[in-house]
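The values are calculated or read from the model by the stated rules, or taken from the named source; none is laboratory data. Quantities reported herein were computed from a predicted structural model and do not represent experimental measurements. Note that each Cβ is placed from the backbone with ideal geometry, even for glycine, and that neighbours are counted across all protein chains shown.
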Amino acid sequence: MVVYLSRQVARSVSERVRKALRYRERWGICFAKSDWRHVVTGRGTRVETPQGRFLADPFVVTRNGRACVFAEEFVFESSKGHIAAFELSDGGARPLGIALEESFHLSFPYLFEFNGTLFMCPETRATKDIRIYECTEFPLSWKLAGIAMNNVVAADTLIFPKHGLWWLLTGISWTEPHDCSELHLFWARTPLEGKWVPHAHPHRPADVAQRRPVAGR
């Protein structure tokens with residue numbers, strides 16, 4: 001508990017210092033054609049970062065012969081991120097535009113397929129829910145397909161099938177500042193039914209089990 005509280009205090013102090021000094025993190029992404037086990041990241045092709053922004057959290061998907069990367073594009077002026085798309089080729093990465101934008105911050109555009117349809121589960125912890133969007137026209141048209149969970153501050157959610165079930169792996173935070181450092185696992189019959197059940201954990205404290213997020217579409 002002492003170690004955990006110390007980390008929380010250090011994180012809070014660090015955030016305040018960064019804000020006071022107007023420190024801005026600058027991230028970028030690159031890509032390479034290689035098996036991930038043998039890729040040399042330093043030799044990748046860098047995706048050009050627009051002025052006044054940074055790119056992070058890239059996810060690549062190939063559909064209809066087009067390889068596209070979706071990434072968080074954070075705008076310093078508005079202090080808010082949206083999801084941008086780039087088409088990859090031997091010549092580099094061509095910007096396609098904004099794939100998904102909301103009135104709140106979006107990041108980590110995790111992609112998965114279900115019944116032949118492409119879905120995205122971006123980070124939407126500003127709204128205290130986990131949302132799933134459906135691709136209606138690749139790559140720039142998306143619509144809200146459902147709310148996987150609400151009343152939860154979650155980050156970096158992964159949704160995938162295994163052994164006849166669908167699994168949702170996500171980091172959840174119960175305290176301020178929200179660091180989402182607790183890794184939680186849920187399962188469901190399908191990714192869109194909105195009934196995610198917490199996976200059994202023999203050492204889960206009773207108070208944490210009672211605070212689990214509410215699932216629902």
Exercise. Which pairs do you get when a residue that is in contact (Cβ under 8 Å) with a residue 24 or more places away in the chain and farther than 19 Å from ALA126 by Cα, found in the stretch 139-153, comes within reach of a residue that is among the hydroxyl-bearing types (Ser, Thr, Tyr) and part of a strand (DSSP E or B), reach meaning Cβ atoms under 7 angstrom, with the pair 6+ apart or on two chains?
Worked result: TRP142/TYR133; TRP142/THR136
Problem set entry | Near pairs, Cβ below 7 angstrom, 6+ apart or cross-chain, from the stretch 65-88 (modelled with pLDDT under 95) to any residue that is buried (at least 18 other Cβ atoms within 10 Å of the Cβ) and not in a strand (DSSP E or B) | none
Problem set entry | Flag if SER141 is hydroxyl-bearing (Ser, Thr, Tyr) and modelled with pLDDT under 95 | no
Problem set entry | ALA155 vs. criteria outside any loop (DSSP other than H, G, I, E, B) and at pLDDT 95 or above | no
Problem set entry | Residue that is surrounded by the most Cβ atoms within 10 Å (Cβ to Cβ) [pool: residues in the stretch 56-88 that are among the aliphatic types (A, V, I, L, M), closer than 18 Å to TYR110 by Cα and more than 16 Å from the chain's Cα centre (by Cα)] | LEU88
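For every residue, the table says whether it meets (1) over 27 Å from PHE54 (Cβ atoms); (2) in a strand (DSSP E or B); (3) in contact with a Pro (Cβ under 9 Å, 6 or more places away or on another chain).
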| site | (1), (2), (3) |
| --- | --- |
| LEU96 | no, yes, yes |
| TYR110 | no, yes, yes |
| CYS135 | no, yes, no |
| TRP167 | yes, yes, yes |
| ILE172 | no, yes, yes |
| ASP179 | no, no, no |
| LEU183 | no, yes, no |
Problem set entry | Residue pairs meeting the criteria (Cβ under 8 Å; at least 6 apart or on separate chains; first in contact (Cβ under 8 Å) with a residue 60 or more places away in the chain, in the stretch 24-36; second assigned to a loop (DSSP other than H, G, I, E, B) and hydrophobic (A, V, I, L, M, F, W, C)) | PHE31/VAL47
Exercise. What do you reckon, is ARG53 touching an Asp or Glu at 6+ places or on another chain (Cβ under 7 Å), surrounded by 13 or more Cβ atoms within 10 Å (Cβ to Cβ) and either closer than 26 Å to MET149 by Cβ or not hydroxyl-bearing (Ser, Thr, Tyr) (or both)?
Worked result: yes
Problem set entry | Unmet requirement for CYS121, which otherwise passes all of (1) more than 14 Å from the chain's Cα centre (by Cα); (2) under 15 Å from ASP57 (Cα atoms) | (1)
Exercise. How many residues, within the stretch 112-126, are outside any strand (DSSP E or B) and at pLDDT 95 or above?
Worked result: 3
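Tally time: how many residues in the stretch 33-47 are modelled with pLDDT under 90 and in a loop (DSSP other than H, G, I, E, B)? Spell out the reasoning first.
Just the residues of the stretch 33-47 that are modelled with pLDDT under 90, to begin with: 33-44.
Now restrict to residues that are in a loop (DSSP other than H, G, I, E, B): 33-40, 44.
Going through the stretch 33-47 one residue at a time, the tally reaches 9.
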